[in-house]
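Taking it in order: structure first as structure tokens, then the write-up.
The values are calculated or read from the model by the stated rules, or taken from the named source; none is laboratory data. In this text, all values refer to a predicted model and were calculated from it rather than measured experimentally. Neighbour counts are summed over all protein chains in view; Cβ atoms, including those assigned to glycine, are modelled from backbone coordinates with ideal geometry.
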């Protein structure tokens, strides 16, 4: 498998969400880069662990809805973008987070795609997206500007 460069817009399962956070970019970036603390602020993640630095090539383990995954960081633009992904149970997921400083704080855009046997099965009975993607696909509210809110 080649190293992904972004989210695959043609993947059978995709998710995209955006939100605005009233906090400094450095604070938001540090929270995101601290994988070991993810369960304290991402309620769908029950365990997460990385040994060493949050950098390209580093791998980390995380669990969501009882589904354990080992992911690898593919790319980082410090304080701006992270691309990571992994394969578990024949399903490969890629996640991209983009952080943009705004006058009120930070705009965060998170996108994901999934490929694999259960993600691409033609029968609805075999379709089972990654647990994190199920969480990301929950209905969203819409901000008056038209942006989706969680």
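The combined condition, being at pLDDT 95 or above, in a strand (DSSP E or B), buried (at least 17 other Cβ atoms within 10 Å of the Cβ) and on the phi < 0 side of the Ramachandran plot, is fulfilled by residue 94. As a summary of the residue check, residue 135 satisfies the conditions (1) at pLDDT 90 or above; (2) assigned to a helix (DSSP H, G or I) except for the one numbered (1).
Looking at segment 3-14, which of the residues that are in contact with a strand residue (DSSP E or B) (Cβ under 6 Å, 6 or more places away or on another chain) and over 17 Å from residue 81 (Cα atoms) is surrounded by the most Cβ atoms within 10 Å (Cβ to Cβ)? My answer is 13. Checked against the criteria, residue 24 does not count as over 15 Å from residue 97 (Cβ atoms), surrounded by 15 or more Cβ atoms within 10 Å (Cβ to Cβ), over 13 Å from the mean Cα position of the chain (by Cα) and in contact (Cβ under 8 Å) with a residue 40 or more places away in the chain.
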